[in-house]
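Please treat every number below as a calculation from the coordinates, not as lab data. Every value quoted in this text rests on a predicted model; they were computed, and no experiment measured them. With ideal geometry, Cβ positions are generated from the backbone for all residues, glycine too; neighbour counts draw on all protein chains shown.
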Amino acid sequence: MKHKDILEPEISLLLETVYQKYHYDFRQYSEAHIRRRIMNRMAMSGLEDVSQMRSKILNDETFASRLLQDLSITVTEMFRDPGFYRSLRENVIPVLKTYPFIKIWHAGCSTGEEAYSMSIILQEEGLYDRTTIYATDFNQQALNKAKEGIFSNELMKEYTINYQLSGGKESFSGYYTSNYNNVIMNQSLKKNIVWANHNLVTDGVFAEVHLILCRNVLIYFERDLQNKVQALFYNSLINGGILCLGSKEGLRFTDLYEEYVELDKKQRIFKKKY
Amino acid sequence: MMQYEAIVVGVSSGGMNAMKVLFSILPKDFSIPVIIVQHVSSHSDNQWIKILNDKSDLYIKEADEKEKIEQGTAYIAPANYHLLIGKNKTFSLTVDERVNFARPSIDVLFESAAEVYKSKLIGVVLTGSNNDGTKGIKRIKEYGGLAIIQDPETAESAYMPASAITAVKADYILSLEDISYLLIQLGNGIKTYLT
Ligand SMILES: C[S@@+](CC[C@H](N)C(=O)[O-])C[C@H]1O[C@@H](n2cnc3c(N)ncnc32)[C@H](O)[C@@H]1O
């Protein structure tokens with residue numbers, strides 16, 4: 001049996017339709033990522049081909065929003081990559097301590113685990129009260145969950161290990177209260193987090209910040225779009241501000257490579273030159 | 001004679017030993033790029049890839065995101081990321097949900113590679129104790145690619161190759177050494193009668 005081909009022009013047309021009708025711009029997302037998610041959605045929804053999917057997008061808003069969820073991958077963890085958070089404590093916190101007030105931007109914060117991890121570190125380092133954390137994503141559903149701060153109890157075992165590996169010395173269970181199958185994060189961790197809907201592709205600079213974390217978002221973009229978003233980050237950082245990327249993301253192939261110094265090469269932490 | 005453009009390899013438990021054998025045989029400048037998913041712990045770093053490379057004639061590296069796929073190179077998926085292939089023959093990494101409890105998943109690589117290389121793809125399933133790779137090798141066959149599966153009797157863990165064998169009509173079922181020599185022949189464009 002020959003498998004039905006999934007053609008690039010059909011996918012481009014579909015993404016164009018999504019953009020025209022819903023103003024979400026996936027046109028420069030990783031082709032391989034988009035193809036995989038579209039194939040999966042076609043199989044799950046019993047669709048024949050991409051053009052059938054396209055007409056469903058035009059006529060069925062519920063289906064369209066499901067596709068948005070498919071394309072936005074919200075998989076995340078607290079203290080994901082403990083080595084990164086260890087380096088954050090060692091190399092970034094001392095820089096932040098030199099500022100009278102601190103602004104941090106989590107771009108692509110998903111369901112908030114990364115921002116809560118940051119809150120915990122800032123509290124432990126005595127910096128939380130002079131910090132504002134902007135946690136943004138273009139996925140409103142994920143943001144709503146982030147705002148609630150309710151996570152599955154099952155995950156806490158893994159998060160506790162991550163926290164300890166990252167150099168955390170407190171009792172991790174002190175940061176939440178358990179409620180049957182769920183835990184709710186302490187109110188004190190939320191109070192300085194501002195959750196906001198922001199699309200990295202179509203929205204601009206909204207604040208000047210001291211630190212940006214954008215981890216495991218840019219891997220979903222093709223190079224040109226990565227470059228464009230890197231320019232947005234550059235323009236949002238103060239001089240001497242710090243940019244943290246995911247463990248497989250870098251600046252080497254962007255136009256801005258020369259504009260940063262590496263604070264930690266392995267953990268992908270960069271400092272904007274003065 | 002078919003000119004193959006890529007080889008994708010899936011390997012799980014028993015993989016470290018299997019990789020050593022494969023790379024003791026594949027030559028420097030091997031003409032077909034080799035792309036590997038090996039299941040490793042999500043916290044493992046890429047030190048083992050460097051060690052493997054030190055002992056191999058063929059250049060082995062971790063696959064970087066958006067990196068162009070070249071011949072003379074073997075690429076290994078980084079721990080905790082799925083490895084996908086774009087139509088422009090570059091890699092994409094994702095942190096999507098695990099597939100078959102695995103990230104990287106062999107199925108994810110095989111399926112995306114099949115869609116890109118179609119009949120010019122060789123899929124290889126080696127030792128392992130789960131069924132990741134079974135759906136993927138099936139997809140490769142559907143697109144007209146070649147399916148090579150390690151003889152379960154010769155595998156450190158028989159389950160994964162045995163599972164693949166039940167799903168497709170394999171083109172070759174061989175020991176790891178024979179698979180390595182077969183790949184060299186296929187790389188040289190030699191029509192082979194080894195079965
Ligand atoms: C894999 S998650 C990463 C979460 C977290 N930063 C981490 O590393 O664990 C990727 C997130 O990026 C978001 N995202 C993707 N495209 C975006 C865009 N154009 N603007 C804002 N957020 C985006 C997704 O909605 C998703 O929540």
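Pull out the extension gain between residue A:98 and residue A:257, defined as 0.36 nm times the separation in residues minus the alpha carbon to alpha carbon distance; nm, one decimal. Result for the pair: 54.7 nm of gain on full extension. Annotation for residue B:46 and residue A:266: the two label points, set 7 Å from Cα along the Cα-Cβ direction, are 1.3 nm apart.
Extending 7 Å from the Cα toward the beta-carbon at both residue A:206 and residue B:31 defines two label points whose distance is 5.5 nm. Take the Cα of residue A:21, go 7 Å toward its beta carbon, and none of the backbone nitrogen atoms of the range A:191-218 fall under 14 Å from that spot. With the cut-off at 26 Å, tell me which of the pairs B:28/B:120; B:68/B:118; A:266/B:55; A:272/B:87; B:87/B:135 have Cα atoms farther apart than that. Going by Cα-Cα distance, A:272/B:87 fall outside the 26 Å limit. Using just the C-alpha positions of the range A:8-71 as equal point scatterers, what log10 of I(q)/I(0) does the Debye formula give at each q in 0.14, 0.25 1/Å? Scattering profile of the range A:8-71, log10 relative to I(0): -0.32, -1.18. The angle separating the long axis of helix A:50-59 from the principal Cα axis of greatest extent in chain A is about 70 degrees. Translational diffusion coefficient, Stokes-Einstein: compute it for the range A:4-123 using the Kirkwood radius over C-alpha pairs as Rh, at 4 °C and 1.567 mPa s, and state it as an integer in µm² s⁻¹. Answer from the Stokes-Einstein relation: 76 µm²/s.
Considering only beta bridges that DSSP places wholly inside the protein assembly as shown, some 35 percent are antiparallel.
At 25 °C and 0.890 mPa s, what whole-number value in µm²/s does Stokes-Einstein give for the translational diffusion of the range A:82-272, with Rh from the Kirkwood sum over Cα pairs? Don't skip to the end; give the middle numbers.
Values: Rh = 17.0 Å.
Diffusion coefficient, whole number: 145 µm²/s.
Each residue in A:70, A:129, A:137 was given a count of other beta-carbon atoms within 10 angstrom of its own, and listing them fewest first yields A:129, A:70, A:137. In plain terms, the residue of A:5, A:81 with the fewest other Cβ atoms within 10 Å comes first and the most crowded comes last, giving A:5, A:81. When only alpha carbons of the protein assembly as shown are considered, Rg and Dmax amount to 23.3, 75 Å.
Ranked by how many other Cβ atoms sit within 10 Å of their own Cβ, fewest first, the residues A:166, A:173, B:129, B:41 fall in the order B:41, A:173, B:129, A:166.
Computed over the range B:80-188, the P(r) tail beyond 17 angstrom holds 53 percent of alpha carbon pairs. Along the positive direction of the dipole of the range B:137-195 (beta-carbon charges: Lys, Arg +1; Asp, Glu -1; about the Cα centre), which of B:167, B:188, B:143 reaches farthest? Projecting each Cα onto the dipole axis, the largest value belongs to B:143. Working value for the range B:1-45: equivalent-ellipsoid semi-axes of 23, 13, 9 Å, each the square root of 5 times a Cα gyration tensor eigenvalue, largest first.
Magnitude of the Cβ-charge dipole of chain A, K/R +1 and D/E -1, about the Cα centre, nearest 20 debye?
Working: 34 positive and 34 negative charges, 75 e Å.
The calculated dipole for chain A is roughly 360 debye.
Peptide B:81-89 has a mean shielding of 4, counted as Cβ atoms of other protein chains within 10 Å of each residue's Cβ.
If the segment from residue A:170 to residue A:157 were pulled out straight at 0.36 nm per residue, it would be longer than the present Cα-Cα gap by 3.2 nm.
With Cα atoms as the point set, the range A:108-171 shows a radius of gyration and Dmax of 12.6, 34 Å. Here the Debye sum runs over all C-alpha atoms of the range B:6-187 as equal scatterers in vacuum, and log10 of I(q)/I(0) at q = 0.08, 0.17 Å⁻¹ comes out as -0.20, -1.02. Taking only the C-alpha atoms of the range A:28-187, Rg followed by Dmax gives 19.2, 59 Å.
Relative to the longest principal axis of the Cα atoms of chain A, the long axis of helix A:61-71 lies at roughly 60 degrees.
Express in nm, to one decimal, how much length is gained between residue A:45 and residue A:227 on full extension, taking 0.36 nm for each residue of separation and deducting their alpha carbon distance.
62.1 nm
Put a dot 7 Å past the Cα of residue B:188, heading toward its Cβ, do the same for residue A:197, and the two dots end up 6.3 nm apart.
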